[in-house]
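Colleague: Sharing a structure with you now.
All of the numbers you see were taken from the coordinates with simple rules; none came from a lab. Just so it is clear, the structure is predicted and the values come from calculations on it, not from any experiment. Using ideal geometry, Cβ is built from the backbone for each residue, glycine included, and neighbour counts are taken over all protein chains shown.
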Amino acid sequence: MEPTINSVAVGLDTVWVLLCAALVFLMEGGFAALEAGLVRSRNSLNIIMKVFMDCSVGFIGYFTMGFALMYGADFSGIVGTTGFLLQGDFSHLNLHIPVYAFWLFQAAFAIAVATIVSGAVAERMKFAPYLVYSLVATVVIYPVAGHWVWGSNGWLNQLGMLDFAGSAAVHSLGGWAALAAVLVLGPRSGRFNKDGSVNIMPGHNIPLAALGAFLLWFGWFGFNPGSTLSGLDLNIAKIAVNTNLAAASGGTIAAVLTLWRYGKADPSMAINGALGGLVSITAGCAYVEPLSALFIGAVAGGLIIVAVPLFDKLRADDPVGAIVVHGVCGTFGTIAVGLFAVDGGALYGGGFHLLGVQLFGVAAVSLWGFSATYAVFSVLKAVVGIRVSEEDEILGLDISEHGVAAYTNTEYPLPQVPFPAMDSGEYGIFRQMQNEDTAQILK
Amino acid sequence: MEPTINSVAVGLDTVWVLLCAALVFLMEGGFAALEAGLVRSRNSLNIIMKVFMDCSVGFIGYFTMGFALMYGADFSGIVGTTGFLLQGDFSHLNLHIPVYAFWLFQAAFAIAVATIVSGAVAERMKFAPYLVYSLVATVVIYPVAGHWVWGSNGWLNQLGMLDFAGSAAVHSLGGWAALAAVLVLGPRSGRFNKDGSVNIMPGHNIPLAALGAFLLWFGWFGFNPGSTLSGLDLNIAKIAVNTNLAAASGGTIAAVLTLWRYGKADPSMAINGALGGLVSITAGCAYVEPLSALFIGAVAGGLIIVAVPLFDKLRADDPVGAIVVHGVCGTFGTIAVGLFAVDGGALYGGGFHLLGVQLFGVAAVSLWGFSATYAVFSVLKAVVGIRVSEEDEILGLDISEHGVAAYTNTEYPLPQVPFPAMDSGEYGIFRQMQNEDTAQILK
Amino acid sequence: MEPTINSVAVGLDTVWVLLCAALVFLMEGGFAALEAGLVRSRNSLNIIMKVFMDCSVGFIGYFTMGFALMYGADFSGIVGTTGFLLQGDFSHLNLHIPVYAFWLFQAAFAIAVATIVSGAVAERMKFAPYLVYSLVATVVIYPVAGHWVWGSNGWLNQLGMLDFAGSAAVHSLGGWAALAAVLVLGPRSGRFNKDGSVNIMPGHNIPLAALGAFLLWFGWFGFNPGSTLSGLDLNIAKIAVNTNLAAASGGTIAAVLTLWRYGKADPSMAINGALGGLVSITAGCAYVEPLSALFIGAVAGGLIIVAVPLFDKLRADDPVGAIVVHGVCGTFGTIAVGLFAVDGGALYGGGFHLLGVQLFGVAAVSLWGFSATYAVFSVLKAVVGIRVSEEDEILGLDISEHGVAAYTNTEYPLPQVPFPAMDSGEYGIFRQMQNEDTAQILK
């Protein structure tokens, strides 16, 4: 078949969206590394498994139902109603690329919301109810918010809210959902003292966390520019630059502020500063000038430094800083569009209409994320329990929930005690013995 | 030069294939991390070096000879005969992209076969003979199978076998080659007891293995959709979705089954479940519907759970599960095309012809991979020996084969004994002393 | 808007450049992992933070000033003079893609130069003055050299120097800058003995270093082919193949040479061999034949083996081998163009003119990189000091410069002493206590 201008254009856009989707998918690997590095080693495998299951369970949930609720035929601006299992008509989306390509890109966004929550509830939440939440998040919570903001008849979209790649629809939603989850779940055992003071629980592998941050930054080059859904839209170049500059200024400000104030540049603050910059530019990357992106990122970097101790004071125990990075910076980024958008921003003579819409929109989305998650966590808590026992928390979730340790030191000196014999056919026994063995070690 | 429709179309396809090739290349990094994480730390560097050398030695082998045997002018449907060193005429390939782009994509596939075997023979195979096998695999074993399946006159291709991106030509081939290698090599010292029971040898770094799985999943977005060799072929979108869904259902099923049966979701099973799903959809990703992809991946996830203990019972010691992930799931995936292909599959009213061809084809490819590898390993065993000494196996291959430890703990407490002095010019002495030093530590 | 041939062509080129820029960005993650793995654990987080700050501070520097000095309107072939903050006219660049896309790709190159130096000064250089150097490198040192080589009126460009993707402008520059930095800074405490012998300071995590090498190799598929700035230029395929083959032969030669000479294939030599191959083909990838690329990479692999001990003899203490990989191999690769370029190379009957230009050009760029860095480091040394105290060097830079350890072992046995209580609002106190706690541990 001879190529035509149109077929080449569609091919280009499809290639662009698919490759960007792959980059966004890799962000899950970045989240896994980041969160694992920032928690204690005995819970590190558990958090990775939760992220891995977001990809597994979450993709299935978004395929079967989530996408339909988000992008199906609109009902009252609230929710989509068609397109379950990717079946049916999607002509109302006016896509010029295959719906499959659109789905894959959107699906990689959907699973990010649950993953944001996973970090905040790390080190104490049971695995099985987490899977349930991950499913609910990709099937209902995110799709509904997404419909509001990005559905062609979504009510926030109709109001004129601007959220290019999801500072509100993905990050504020996830961040404030994380706060709700943490409030229902409670802090880690031993985290807070009666006098209000906080015990440090340092991450076990900051290099791994940093590697995760590099992967996230890399993936964001798909997340934001890919949201054009078109490689023909040359705005992708400016979007990529804005994304990059906000990350750079967020990282710089957070590092320099800690260096200036404490004489030491704090690695996890610097990392979260860059991530905060990325989150905050996600709404406005297509609408603002590069200098504004620099400024927005810098503010996000400062917010990290200010807000992390604040949530500790509120006894909202968030081991990886997800509430601040995604909730605070996502909210700020959405509002910032109302100030910095070249077209409609208050600082560009656009008046305060857009700013008001942005404020209202991000509040609505955040409230929804918070309330829905609060409800789901409360029900799960009442029905099946969401928290591991204190004994298991001390033991670590890697052993208690998965029966294996993240790291097994088989380095020198060589183990003196042979591993227990087992019948390979009796897989259950193998697990049981491994656990007994671990319990033995603990005594 | 003014662009024309044709030049833009060719440019798009070239860009697509090159970027997909890069993604497939990164799968080697994924394999390295996965395999390293699943073996004991004292052998982890060795396995990474083997994968690294697949990329080094293997690319050279595929450049000088392998590509010619695979895609050169056909001889009797068995093997290619022209195009050594990428010289000569390739017009019989009817490529619309530069042969260099085609080569790079194919080369990244070729080295995967040796890498699959590397995992199965981990923790006991000598480094030098492995290099020889890696070369033979990329020069002969894979190219011959590839010619059968994908060569325009390849005999299995002529029969009508469908193997879109290589469940048979890459994964079954590699998986059953791994079985042959393991049978010649024998199990790890201390793995099996006389009564048939199995000793657990836990992987030393499951977070690293999981990171590898994320990289592999990411790379598969190049592996499968890239096999269209064209970004103009909009089927790439459905292929990417099918790939993703099979991974998701494989991971879900493996995790949920272990959770249900043992009360704990097993991380390495979940990871291998997702990888099994990816392997099994590789043949059919372009031919089946998304719901079928979900189902195929789910079956693969179940196969992982069932087959891993089975091979232990057969005393085929495979530290990373490569035989099951690639051999069993690759074979299943190839056969599944005969059932689920929209065009010709038995479940779609296509009768049993295609199913028969798929069964026959995957059997032929697997038998070739098994036999050729069995022969090469037997010759290597007889001539130079393939197995490290039992002493070296206990010491670990990192020290015995490479003279360095993967991890050197220079963390607190600080080392009391200064490192041995050496003359930097006398590099050999430096190595010798380092080894003596290590031997000292072991006493 | 209906697509036209031109709009599709521009879109394709923009997509290509942006995705390649993302790949080049990921090389920073690769550098971070590589360098961290090759140093001792107590300094591993510090080196990662330095690379992370290259991305943060460096991008801002290149945005505000560096790009203008490199690609602004020419002044006497020496330096650019317009385009600060990406404002103003760039029509003299004759770009067919948005200047933003061009900037992002160039920016990812710019930060690589500082990162190359970071590895060589690892384990002893203060964090704050490093930030200053990183800024100077991206604002002045690299842009000036880049203007000479790639500016349309750059004086080396006018001479006919060929440096396709920067063996000279990036790697020689960075490598010889690293040598200057090391000479001003001095070797690590305890590295050299009075009799000239060298004490081994093994890298703490070679698997991490290897993972970094895979990421770098992957990123190079953006670095070299992306330098066409066009996906319509089908030479991208040959460039990618040449890049790959040089890496493969560099890795092979370094591994096989160490295997042959010492009976053990040295991992860090093999890794640096492949990286040396990549560096050395970077200048000529667009100009030479694949067989030449294989040869160039092989020579680079050999150079690694020969030159690493040489610099030890010169007491230039380079923990990661950056001087050899980037300086020596970059210089060799630039010169090799004069021999192997199909158009103008001495071995292709082009006489010695090009060879002379290449020799002269790489000498000029290297001398600039060395001198400028020597000057900046000398000033920093005199004004603020560039070296941590010997006490801090023993303690490790992770604690002394960042107040946290890279790895915190919270694995079994569980910590007996509870973490110190602190007031979360008093962030400064928290840091102070953490440090005191660490000091306690050290006693």
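Colleague: In nanometres, what is the gap between the two model label sites at residue A:314 and residue A:76, each 7 Å from Cα along Cα-to-Cβ?
Modeller: About 3.0 nm, to one decimal.
Colleague: Over region B:108-265, what portion of Cα pair distances is larger than 21 Å, expressed as a whole percent?
Modeller: On the way: 7551 of 12403 pairs.
Summing the P(r) of region B:108-265 above 21 Å gives 61 percent of all pairs.
Colleague: Next question. List, in order, the whole-Hz ³J(HN,Hα) value for each residue of region C:94-99 obtained from phi through the Karplus relation with A = 6.51, B = -1.76, C = 1.60 and θ = phi - 60°; use x for Gly and Pro.
Modeller: Result, rounded to whole Hz: 6, 6, 9, 10, x, 4.
Colleague: Let me ask something else. HN-Hα J couplings of region A:69-80 from phi, Karplus 6.51/-1.76/1.60, θ = phi - 60°, integer Hz, Gly and Pro as x?
Modeller: 5, 8, 10, x, 4, 5, 10, 6, x, 9, 7, x
Colleague: Using a label point 7 Å beyond Cα on the Cα-Cβ vector, give me the inter-copy distances for residue B:84 in nanometres, one decimal, shortest first.
Modeller: For residue B:84, the inter-copy label distances come out at 6.2, 6.2 nm.
Colleague: A further question on this structure: Given label points at 7 Å from Cα along Cα→Cβ, what nm distances, shortest first, separate residue A:359 from the same residue in every other copy?
Modeller: Distances to the matching label points in the other copies: 7.1, 7.1 nm.
Colleague: Tell me, what is the percent relative contact order of chain A, built from C-alpha pairs under 8 Å that lie six or more residues apart?
Modeller: 21 percent.
Colleague: Which ³J(HN,Hα) values, rounded to whole Hz and listed in residue order, are derived for region A:271-279 from phi using the Karplus coefficients 6.51, -1.76 and 1.60 in 6.51 cos²θ - 1.76 cosθ + 1.60 with θ = phi - 60°, glycine and proline given as x?
Modeller: So the J values, rounded to whole Hz, are 4, 5, x, 5, 5, x, x, 5, 4.
Colleague: Let me ask something else. What percent do you get for the relative contact order of region C:174-304 when only Cα pairs under 8 Å and 6+ apart count?
Modeller: Numbers: 169 pairs, mean separation 31.7, N = 131.
Relative contact order for region C:174-304 comes out at 24 percent.
Colleague: While we're looking at this one, here's another question. Roughly how many whole Å is it from the C-alpha centroid of region B:286-349 to that of region B:94-148?
Modeller: 22
Colleague: Let me ask something else about it. Counting other beta carbons within 10 Å of each Cβ, put C:400, C:389 in order, fewest first.
Modeller: Listed from fewest to most nearby Cβ atoms, that is C:389, C:400.
Colleague: Assuming R0 = 60 Å, can you tell me the calculated FRET efficiency for the pair residue B:197 and residue A:87, based on Cβ-Cβ distance, to the nearest 0.05?
Modeller: Details: r = 50 Å, r/R0 = 0.83.
Once the sixth-power term is evaluated, E becomes 0.75.
Colleague: Shifting gears a bit: Considering amide H positions built from the backbone, and no H for Pro or chain starts, which residues 5 or more places from residue B:198, or on another chain, come under 5 Å of its amide H?
Modeller: Correct list: A:422, A:423, A:424, B:193.
Colleague: Any chance you could check the Cα centroid distance between region A:232-261 and region A:364-400 for me, in angstrom?
Modeller: That distance is 34 Å.
Colleague: May I pose another question? So how do A:204, B:326 line up by other beta-carbon neighbours within 10 Å, fewest first?
Modeller: Details: A:204 26, B:326 33.
Ordered from fewest to most neighbouring Cβ atoms within 10 Å, A:204, B:326 come out as A:204, B:326.
Colleague: Sticking with this structure for a sec: Taking all pairs of distinct Cα atoms, average 1/r, flip it, and tell me the Kirkwood hydrodynamic radius of region B:120-178 in Å to one decimal place. Present the calculation step by step, with values, prior to reporting the outcome.
Modeller: Values: mean 1/r = 0.0799 Å⁻¹.
That comes to 12.5 Å for region B:120-178.
Colleague: Taking a label point 7 Å from Cα toward Cβ, how far is residue A:263 from its twins in the other copies, in nm, shortest first?
Modeller: Label-point distances to the other copies, shortest first: 5.2, 5.2 nm.
Colleague: Determine the shape class of region A:1-144: with a ≥ b ≥ c the square roots of the Cα gyration tensor eigenvalues, call it rounded for a/c under 1.5, and otherwise prolate if a/b is greater than b/c, oblate otherwise. Before the final figure, lay out the partial values.
Modeller: Details: a/c = 3.36, a/b = 1.64, b/c = 2.05.
The shape class here is oblate.
Colleague: For A:36-48, what's the mean count of beta carbons from other chains sitting within 10 Å of each residue's beta carbon?
Modeller: The per-residue average across the peptide is 4.
Colleague: Quote the relative contact order of region B:103-222 in percent (integer), defining contacts as alpha-carbon pairs under 8 Å separated by 6+ residues.
Modeller: On the way: 75 pairs, mean separation 33.9, N = 120.
Taking the mean separation of contacting Cα pairs over the length of region B:103-222, I get 28 percent.
Colleague: How much of the pair distance distribution for chain C lies past 44 Å, counting alpha-carbon pairs only, in percent?
Modeller: Summing the P(r) tail past 44 Å for chain C gives 13 percent.
Colleague: Oh, and also: Taking Rh as the Kirkwood radius computed over C-alpha pairs, what is the Stokes-Einstein D of the protein assembly as shown at 10 °C in a medium of viscosity 1.306 mPa s, expressed in µm² per second?
Modeller: So the translational diffusion coefficient is about 52 µm²/s.
Colleague: Same structure, new question: When a footprinting reagent is the concern and you count Cβ atoms within 10 Å, what order do A:287, A:62, A:348 take, fewest first?
Modeller: Exposure proxy ranking, most exposed first: A:348, A:287, A:62.
Colleague: Which value, in nm² and rounded to one decimal, describes the direction-averaged projected area of the C-alpha convex hull of region C:183-338?
Modeller: Average projection, Cα convex hull of region C:183-338: 10.2 nm².
Colleague: Give me the log10 of I(q) over I(0) for region C:265-423 at q = 0.09, 0.11, 0.16, 0.20 Å⁻¹, as the Debye formula computes it from C-alpha points; what are the numbers?
Modeller: Reported log10 I(q)/I(0), two decimals: -0.49, -0.65, -1.00, -1.24.
Colleague: Indicate the gyration tensor shape class of region C:328-385 (rounded, prolate or oblate), computed on the Cα atoms with a ≥ b ≥ c the square roots of the eigenvalues: a/c under 1.5 is rounded; otherwise a/b larger than b/c is prolate and the rest oblate.
Modeller: Details: a/c = 7.10, a/b = 3.96, b/c = 1.79.
Taking the square roots of the gyration eigenvalues as a ≥ b ≥ c, region C:328-385 is prolate.
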